[in-house]
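Take a look at the structure below.
The values are calculated or read from the model by the stated rules, or taken from the named source; none is laboratory data. Because the structure is a prediction, the values reported are computed rather than measured. Glycine gets a Cβ as well: all are built from the backbone with ideal geometry, and neighbour counts include every protein chain shown. Just so you know, the surface numbers come from the protein's heavy atoms only, side chains and all, with ligands and any DNA or RNA stripped out. Shrake-Rupley method; radii C 1.70, N 1.55, O 1.52, S 1.80 Å.
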Amino acid sequence: MMKRGFETKYVWMNGRLIRWSDAKVHVLTHALHYGTGVFEGIRAYWNGSQLYVFRLKEHLQRLLNSAKIYGFDAKYNLEGWEKAVLEALRANELKCNTYIRPLLFVGYGPIGLNITGRGMEALVLTIPFEKYFEKPGVDVMVSTWRRISDMTNPPGAKVCGHYTNSVLAKMEAINNGYDEAILLDISGKVSEGSGENLFIVKEGVIYTPPVSAGILEGITRRTVITLARDVGYEVVERDISRTELYIADEAFFSGTAAEVTPILSIDRKPIGDGKIGPVTKTLKEKYEKVVKGDEPKYKEWLTPVY
Ligand code: PY5
């Protein structure tokens, strides 16, 4: 097999390390048909001498919460999943920035929807990974698609099937020449990006939509709120209307993959002067230091791999 950039030697699967090319499932896997899986996206950062996993416990707790919402058996407890992630990283001897993808899904079996007593499959992929967005700042559109709602698919659960909503919005944006989408929630309030939380800055105050606006409660979002308050900014979680986006001084996305990504324009209207703003710059730089272990104050967020 030709080795491409994202391939590693092993995948952790149901308690064992499996060779990358042997990590396969049957086509009658339930999750392939119905999206019945939950997952996480976690990053580990290499600082030249140590690999640090960022907020591992918080991510795995969210995985367990997502499973609980759907009534999936999580197979392993928090410590079990934590062990799995570290085992996968160590087996692959990764000494580079890495994306970690734990996935728990309904496996092979009958084609019906009743999954009572069905076996779950658990895996952890570890993938060398740098930037999610190729550009240092992104141009985005407000999607014509609405974010899923708690009335249909609970957005607070990170469920595989929910991401068809994100793919619709993302591809509409890409096909129209934008880098990313912002989705409104079912009642028209600003929700989040296709795979990122959203912040705006107005007159020195930072605003972000509340958990009730159909967002996935991001761990990077929580991190940014903490860092911003520690730096001395006021952060307000409240509903944001679409028009507030256009007249914001600054806007940025937060997410494990996206990290802190400046938004330069929304619907072709420049945000502020269309360049990365001072608050965004401060938080982006702070975040990048924290994840690499350069800020002793936030060391408890880091799990060393080696
Ligand atoms: N909102 C959605 C819909 C997400 O998928 C994500 C994470 C976030 C917000 C941000 O959450 P966190 O800060 O906890 O990462 N998205 C995945 C990620 O790894 C990528 C999905 C393609 O960033």
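In nm, to one decimal, how far is the modelled label at Glu295 from the one at Ser212, with both set 7 Å along Cα→Cβ?
3.0
Which value results when the Cα radius of gyration for the range 1-158 is divided by 2.2 N^0.38 Å?
1.13
Might you work out the accessible area of Ile174 for me, using a 1.4 Å probe with all protein chains in place, and round it to the nearest 10 Å²?
Ile174 has an accessible surface of roughly 70 Å² with all protein chains in place.
5 Å is the cut-off here: which amide hydrogens, built 1.01 Å from N in the peptide plane, fall below it relative to Glu192, excluding neighbours closer than 5 in sequence?
Distant-sequence amide H within range of Glu192: Leu183.
Which whole-number value in Å² is the accessible area per residue of the chain, probe 1.4 Å?
46
Given the convex hull of the Cα atoms of the range 125-165, what is a quarter of its surface area in nm²?
So the mean shadow area of the Cα hull is 4.8 nm².
At most 12 other Cβ atoms within 10 Å and a DSSP loop assignment: could you name the trypsin sites (Lys or Arg not before Pro) in the range 201-268 that fit?
Answer in residue order: Arg238, Arg268.
Using 1/(1 + (r/R0)^6) with R0 = 30 angstrom and r between the beta carbons of Glu79 and Asp239, what's the FRET efficiency to the nearest 0.05?
The pair Glu79/Asp239 has a calculated efficiency of 0.20.
What percent of all Cα-Cα pairs in the range 138-291 falls into each 5 Å bin, going from 0 up to the bin containing the maximum distance?
Distribution as computed: 2, 10, 21, 24, 22, 13, 6, 1 percent.
On full extension of the chain, what length is gained from Glu93 through Glu203, given 0.36 nm per residue of separation minus the C-alpha to C-alpha distance?
That works out to 34.9 nm of additional length.
Could you pull the accessible area for Glu130 with a 1.4 Å probe, rounded to 10 Å²?
For Glu130, solvent-accessible area is about 110 Å².
Using 7 Å Cα-to-Cβ label points, what is the Thr116/Thr152 separation (nm, one decimal)?
2.9
By how many nm would the segment from Glu7 to Arg19 grow when fully extended, if each residue of separation counts as 0.36 nm and the alpha-carbon distance is taken off?
3.3 nm is the gain from fully extending Glu7 to Arg19.
Quick one: divide the alpha-carbon radius of gyration of the chain by 2.2 N^0.38 Å and tell me what you get.
The value comes to 1.00.
For helix 163-175, report the angle its Cα long axis makes with the longest principal axis of the Cα atoms of the chain; keep it between 0 and 90° and round to the nearest 10°.
Roughly 50 degrees between the two axes.
Please report the carbon-and-sulfur percent of the accessible area for the chain; probe 1.4 Å, protein heavy atoms only, DNA, RNA and ligands left out.
So the carbon and sulfur contribution to the accessible surface is 54 percent.
Residue by residue, what Karplus-based ³J(HN,Hα) values in Hz, rounded to whole numbers, does the range 219-226 have, using 6.51, -1.76 and 1.60 with θ = phi - 60° and x for Gly and Pro?
Result, rounded to whole Hz: 6, 5, 4, 4, 4, 5, 4, 4.
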